[in-house]
Amino acid sequence: MFVDRVRIYARAGKGGRGCVSFLRELHRPHGGPDGGDGGRGADVILEVNPHRNNLNHLKHQPHHFAKNGQNGDSKQCTGKNAPNLIIEVPPGTVVSRLSGGTAPSTEEFDPTPEKLLPLPEHGEELEVLTDLMKPGERFMLCKGGDGGRGNRHFKSSTNQAPRQYENGWPGEFGQFVFELKSMADIGLVGYPNAGKSTLLGRLSKAHPKIGPYPFTTLTPMVGVIEFPDFFQISVADIPGLIEGASEGRGLGHDFLRHIERCRILLFVLDTSGQEGREPWEDFATLRKELKAYSPELAQRMCLVVANKMDLPAAQEKVKTLRKKVRRKMFEIAGGSEEDIEELKKILREMIEEGGG
């Protein structure tokens, strides 16, 4: 199962307690205080792993509690710092705060169901903490608490045998939303069964599931177009959109977020009209859904791909399509190798022009 949106509950470790101890040796029966400090609690750190492409590993492990620092010991021995808790995320992960804050607090983190907040709806304002894109990039989600001081720090001229010490400080905690947004130069947009997956397979070395029925593609897939001079273009194929996608119909929100980063949009249209819809109406509906989801998306550079031109009625319909759409258009008839190479050339030109 492909998971691209999860909620997690994270808590950094608490610092260790300071020690109360007095030096007692053979020739120093009344040595001074020598209680060591507590160790530092572990941080919760996010790290980008380029080998991950979804958030499945976090779906069924929503709680992430880092270890506490070790308590201080006698002979001024400081407690051991706890090892940081590393949470791996794929490139393109946006992290937002869901709860009220992550400041240190004496209140214990309560993960019981009545204390948990639901995943927000699309459009609900969240505080974005970071957008992790580069492999190996790190972000401290929750900072661990400092260790408490031992009694040696409280010695004074009037208090030679202090028994005071500090407890360790609690770490930061909170509830967070992770959203994965695919990273690609070009995004394929179209109705189900319009031929997006077939086109992706011909353009790149990706192997998407292809079938003669709608909703063959159920998860976003990214392919790479490679050129002889080692120039590369990444292309994202998202599941087909339907009318009402901007309102969440057909999992529209889950799919639309994956084209937010794309610099260029390819509208793949079934020019033959074999699904009982006109291609220019499909284009208008797709544009409307993109604009409703994000007005900025509707203004992005685009190319209309008139697909299935080898099927009956396509030649007549493409004339009307050109008149109504009035956008840069490319026709594909049966996905011939000549057409594919020409389309690759056009896409490269658009990218080098600085699409988006």
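The values are calculated or read from the model by the stated rules, or taken from the named source; none is laboratory data. Everything numeric here is computed off the predicted structure, so don't read it as measured data. FYI the Cβ positions are ideal-geometry reconstructions off the backbone, even for glycines, and counts take in every protein chain you see. Just so you know, the surface numbers come from the protein's heavy atoms only, side chains and all, with ligands and any DNA or RNA stripped out. Shrake-Rupley method; radii C 1.70, N 1.55, O 1.52, S 1.80 Å.
Within region 296-309, how many residues turn out to be open to solvent by 30 Å² or more (accessible area, probe 1.4 Å) and assigned to a strand (DSSP E or B)?
0
Taking only pairs six or more apart or across chains, which ones have beta-carbon atoms under 8 Å, a first residue in region 270-281 that is touching a residue at least 40 places away in the same chain (Cβ under 8 Å), and a second residue that is open to solvent by 50 Å² or more (accessible area, probe 1.4 Å) and hydrophobic (A, V, I, L, M, F, W, C)?
Close Cβ pairs satisfying both conditions: THR271/LEU311; SER272/LEU311; SER272/ALA313; GLY273/ALA313.
Residues are listed down the side, and each one gets a yes or a no for (1) open to solvent by less than 70 Å² (accessible area, probe 1.4 Å); (2) among the small types (Gly, Ala, Ser):
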{"residue": "GLY16", "(1), (2)": "yes, yes"}
{"residue": "ASN56", "(1), (2)": "yes, no"}
{"residue": "HIS60", "(1), (2)": "no, no"}
{"residue": "LYS80", "(1), (2)": "no, no"}
{"residue": "LEU85", "(1), (2)": "yes, no"}
{"residue": "PRO91", "(1), (2)": "yes, no"}
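Which numbered condition trips up PRO312, out of (1) open to solvent by 80 Å² or more (accessible area, probe 1.4 Å); (2) more than 21 Å from GLY223 (Cβ to Cβ); (3) at pLDDT 85 or above?
PRO312 satisfies all of (1) open to solvent by 80 Å² or more (accessible area, probe 1.4 Å); (2) more than 21 Å from GLY223 (Cβ to Cβ); (3) at pLDDT 85 or above except (3).
For ASP254, state whether it is open to solvent by less than 60 Å² (accessible area, probe 1.4 Å) and either at pLDDT below 85 or closer than 25 Å to THR93 by Cα (or both).
In short, yes.
Pick from THR112, THR198, THR106, THR102: which is among the polar types (S, T, N, Q), surrounded by 18 or more Cβ atoms within 10 Å (Cβ to Cβ) and at pLDDT below 80?
Only one candidate qualifies: THR102.
Among the residues of region 259-295, how many are outside any helix (DSSP H, G or I) and more than 28 Å from ALA313 (Cα to Cα)?
Number satisfying all stated conditions: 6.
Please find, among PRO62, PRO83, PRO90, PRO33, the residue that is in contact with a Pro (Cβ under 7 Å, 6 or more places away or on another chain) and at pLDDT 85 or above.
Selected residue: PRO33, the only one of PRO62, PRO83, PRO90, PRO33 that is in contact with a Pro (Cβ under 7 Å, 6 or more places away or on another chain) and at pLDDT 85 or above.
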